[in-house]
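These notes concern the structure reproduced below.
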Amino acid sequence: METSFQLDISRHIWERKYRWQGGERPEADIRDTWRRVARALAAVEAESARAHWATRFYRILEGFRFLPGGRILAGAGTARRVTLFNCFVMGRIEDSLDGIFEALKEGALTMQQGGGVGYDFSSLRPRGFRAHASGTIASGPVSFMAIWDAMCATLLSTGARRGAMMATLRCDHPDIEEFITAKHQPGRLTHFNLSVLVTDAFMAAVRGDRDWELVFPLDGLHPRERDGEIVERHWPGRGVVSCRVVRRLRARELWDRLMRATYDYAEPGVLFIDRINQLNNLHYREDISATNPCGEVPLPPYGACDLGSVNLTRLVRRPFTPEAEFDWAALEALVPTAVRLMDNVIDASRFPLEAQARVEREDRRIGLGVTGLADALIMLGLHYASPQARELAARIMATLRDTAYRASIALAREKGAFPALEVDRYLAGRYAEGLPADIREGIGRYGIRNSHLNAIAPTGTVSLLAGNVSSGIEPVFDYHYRRRVLTENGTSEAFEVSDPAWRLFRERHPQAPLPDYFVTALELDPEAHLAMQAALQPYVDNAISKTINIPEDYPYHRFRQVYAQAYELGLKGCTTYRPNPITGAVLESEAERASHCCHIDREAD
C-alpha cells in the first residue's frame, strides 16, 4: 500500500496545502493526515462506533484510494476556523446598493474560511437603467463583478487561500453581450470563471434562426422605464414574471458572439440551465441558476458542494498484462464507506454563514465521483476514444452511482432521511425515474440520506497529491513535463512531473515504444471528449466538470459545432480550452496548457 510520495510536487502540495503542523505533534507524513481526517469525521458517530469508523475511513484514504475534497484534507481535525466544503453558491443578489454589498460581504466571509463561491448576477438591472430610489443610472452587473474581483484579490493579499469564483448571467439579460466579452481585456476579472445560462428556448431560436428578446422583469425597472412590449418569462427564484423587452437581436448572432469569445479567450462556458433544473432531484423545491466555480455541482442559493473521488488507478489489477482487469468488488466495497465519510462531513464542518448550514443540512447533498479514469484506461490497454473505453467508464460510473444510492438508503434507515425529502415528488423527478427498481423501492420505503450523490470534479490538486493521476475524467495532459505552482510568498516554482501510467509502463518496458492507447488530451478530437462526458452524464445526478481541449489551429467553423453537439448529447454544460494569450499556461509542455479554471491555483480544493 502506497504511503509515500512518488513526486516532489506531491510532497510540496501536501506541505503547502494539507499538512497540519499546529498541534502538539506536527504531521510527519501523509499517514498522519489520513489518521487526522478519519478520526475527525468518525467523531460525529455514536461514541461506541467511533473507533470502528475511524479505522474504516482510514482504510479507504490509505494509499490514495479515496481522495476527499481538499478542504476536508486541509481542515478536518484541525483548530483552523475553516469550512470543509470546497465551494458554495451564494444567495440571490438583491438589486439595491444594500443588497449588493451584503452579498459581497457574505462572499468575503465564505472565501475567508476557504470556500469558493458562485453567483448569478442576472438579478441586477441592466446598464443605463434608473435605480428606483435614487434615480441614478445603473452601471450593470459586469461593473459590480469587478468589486467581487477586487475583494478576492484583497483576501489573497492577506494570505487567505487562493480563491475561485463563478459568475453566471442569463442568455436573455440585456447585458449579456457585455458579459460575454468581459474578460477580453488582460487582467480583468481574473478571479472569475464565467458561464452563460443557456435555455432550451434560446437553443431553439438559434436552430430556427429567429430573433431573440433581451428582457428584464418589469417590477425591477423604474416606473418611467416600464413602457414597451411585455413578455412572460421564467426568472430565477421568482417563477414566471412579466418582463419588458429591452431589445431584440438574431439568436444566431448572439450565439456566434459567444462562440467567438470562447474560441479566442476560452470563456465564457455554457450551462444548459433548463436541463440542469429538469434533471434536479430537488426539482420540486429548487430553482438553480449558478454552480460552484468549476461547474460540477449546480446549487440553489446557499447550497454547498461536499466532494470526494474514487481513485480508479488503485482499482486496476495486473496493469499492462493480458490479464489486466478492473476490480469491481473493490469499487463496491469502497463506495459505501466513502458515502458515509462524506455524509459525516456535513455534521463535522463549520459553515461561514448560517444560511449555508441550513440549506446543506436540509438536503445533505454530496458529490462522489472518480479520478484517474484516463490512467486506468491506459493500464487496461484501452484507448480513451474507443467504444470499449466509454463502455467501461459508463459501467464504472453506473456501478458507483447505484452503490452510492443503496448506501444512502441504508444510511437513511440508520440515521434518517434528509429533511427536505418529499418521497413521492422526489421519485417523480426525471432523474429518479431512471434509477433501478430496487433503489426506487428502497427510497419509497426508507427514504434516502442524501438528495444528490454523484459529481465529477476536476481534482487537480488532490490528483497531484496522489502522484499526478489524471484529473477527473480528463485525458492525460502529457507524460513528462514541468509544472509551475505558486509558493507561499507569491512566486512560482517549477517541478518535474510525470504521469503514473507512463511511469509504471517505463519501469516494466524501459525501451519499448509507447502503445497506441497512450494518448494525450490534444491528440484527441473534441468529439472524443464530448463522447466520454456524454457516456457518463446519465449516471451523474449533479454534473461533470470537463474541459474539452482544442488545438490552437482548430478551425472556428468546427469549433462552433462542439457546443451544439454538447447540447444534442444531453450534457448539462460545456467548457473548452484553446491556447490563447490571455489565460496563459501553468504547464511547460509542448502538448498542453492548463485549463483556464481547473488548474491547481484556481480550483477550489
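Miscellaneous remarks
- Sole exception among (1) crowded, with 21+ Cβ neighbours inside 10 Å; (2) at pLDDT 95 or above for R248, by number: (1)
- Among the candidates Q537, Q565, residue that is more than 21 Å from G308 (Cβ to Cβ), assigned to a helix (DSSP H, G or I) and polar (S, T, N, Q): Q565
Each row is one residue, and each column tells you yes or no for (1) more than 24 Å from the chain's Cα centre (by Cα); (2) not basic (K, R).
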{"site": "R170", "(1), (2)": "no, no"}
{"site": "W212", "(1), (2)": "yes, yes"}
{"site": "P223", "(1), (2)": "yes, yes"}
{"site": "R233", "(1), (2)": "yes, no"}
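- Scanning the range 431-464 for residues that are closer than 27 Å to T576 by Cβ and out of contact with any Cys (no Cβ under 6 Å at 6 or more places or on another chain) gives Y431, H452, N454, A455, I456, A457, T459, T461, V462, S463, L464.
- I346 vs. criteria outside any loop (DSSP other than H, G, I, E, B), more than 25 Å from G63 (Cα to Cα) and either of a type outside the set (D, E, K, R) or at pLDDT 95 or above (or both): no
- Among the residues making up the range 29-49, those that are in a loop (DSSP other than H, G, I, E, B) and among the small types (G, A, S) are A43, A46.
- Identity of the residue in the range 108-122, of a type in the set (S, T, N, Q) and touching a helix residue (DSSP H, G or I) at 6+ places or on another chain (Cβ under 8 Å), that ends up farthest from G295 (Cα to Cα): Q112
- The lone exception for S463 - which of (1) touching a strand residue (DSSP E or B) at 6+ places or on another chain (Cβ under 6 Å); (2) in a helix (DSSP H, G or I); (3) surrounded by fewer than 17 Cβ atoms within 10 Å (Cβ to Cβ) it fails: (3)
- The number of residues in the range 200-233 being within 30 Å of Q561 (Cα to Cα) and crowded, with 16+ Cβ neighbours inside 10 Å comes to 11.
- Residue list for the range 254-287, filter: acidic (D, E) and farther than 19 Å from V562 by Cβ: D274, E286, D287
So that you can scan it fast, the table gives a plain yes or no per residue for (1) hydrophobic (A, V, I, L, M, F, W, C); (2) over 30 Å from E102 (Cα atoms):
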| site | (1), (2) |
| --- | --- |
| R350 | no, no |
| A385 | yes, yes |
| I396 | yes, yes |
| D402 | no, yes |
| A437 | yes, yes |
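- Unique match (being touching a residue at least 12 places away in the same chain (Cβ under 8 Å), farther than 27 Å from R317 by Cα and either in a loop (DSSP other than H, G, I, E, B) or of a type outside the set (S, T, Y) (or both)) among H12, H52: H12
Yes/no matrix, rows are residues, columns are (1) at pLDDT below 95; (2) over 21 Å from G573 (Cβ atoms):
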residue: D172; (1), (2): no, no
residue: I176; (1), (2): no, no
residue: Q185; (1), (2): yes, yes
residue: R188; (1), (2): yes, yes
residue: L194; (1), (2): no, no
residue: A201; (1), (2): no, no
residue: A205; (1), (2): no, no
residue: D209; (1), (2): no, yes
residue: E213; (1), (2): no, yes
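- Positions within the range 78-125 being of a type in the set (V, I, T), out of contact with any Gly (no Cβ under 7 Å at 6 or more places or on another chain) and closer than 30 Å to L214 by Cβ, in sequence order: I100
- Of everything in the range 409-425 that is touching a Gly at 6+ places or on another chain (Cβ under 9 Å) and either hydroxyl-bearing (S, T, Y) or part of a loop (DSSP other than H, G, I, E, B) (or both), the residue that is surrounded by the fewest Cβ atoms within 10 Å (Cβ to Cβ) is G416.
- Residue count for the range 345-362 under the criterion of being within 16 Å of K415 (Cα to Cα), surrounded by fewer than 24 Cβ atoms within 10 Å (Cβ to Cβ) and in contact (Cβ under 8 Å) with a residue 60 or more places away in the chain: the result is 2.
- Test: residue in the range 69-88 that is surrounded by 17 or more Cβ atoms within 10 Å (Cβ to Cβ), farther than 30 Å from D172 by Cα and among the aromatic types (F, W, Y): yes
The values are calculated or read from the model by the stated rules, or taken from the named source; none is laboratory data. The shown structure was predicted, so the numbers you read here are calculated from the model rather than taken from an experiment. As a convention, Cβ positions derive from the backbone with ideal geometry for all residues, glycine included, and neighbour counts pool all protein chains shown.
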